[in-house]
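The values are calculated or read from the model by the stated rules, or taken from the named source; none is laboratory data. As the structure is a computational prediction, the values presented were derived from the model and not from experiment. For neighbour counting, all protein chains shown are included, and Cβ atoms are generated from backbone atoms with ideal geometry for every residue, glycine included.
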Amino acid sequence: MKPTGIAYRIPRNQPVAADPRVRARRRKLTLGASVIAIVLLCILFPRLLTFAGLAAREIRFFWRFIAVLAIVIWIASYLRKKRG
């Protein structure tokens, strides 16, 4: 029988990481660092911003193709799980 409960889920080697406040703070810090990195890259490399605009425009035109492709991938992974 596998042990369950909160005492089992708390990592023994990193008890601080189990604190929800620490995880929330890390998540916010990661999100903020990602946004800052993207802004800096767009400032340093203006062509990156142009590429992002072109990619957004292409997604706007080909969203149906992307949706169908996602459904096909999902169905393929679903059928693979059923067989195995």
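Across the stretch 1-60, what is the total count of residues that are at pLDDT below 80, surrounded by 10 or more Cβ atoms within 10 Å (Cβ to Cβ) and β-branched (V, I, T)? Matching residues across the stretch 1-60 total 1.
For F65, indicate whether it is of a type in the set (F, W, Y), out of contact with any Ser or Thr (no Cβ under 8 Å at 6 or more places or on another chain) and modelled with pLDDT under 85. Quick ask: steps written out before the conclusion?
On the way: of a type in the set (F, W, Y): yes; out of contact with any Ser or Thr (no Cβ under 8 Å at 6 or more places or on another chain): yes; modelled with pLDDT under 85: no.
Considered against the rule, which asks whether it is of a type in the set (F, W, Y), out of contact with any Ser or Thr (no Cβ under 8 Å at 6 or more places or on another chain) and modelled with pLDDT under 85, F65 comes out as no.
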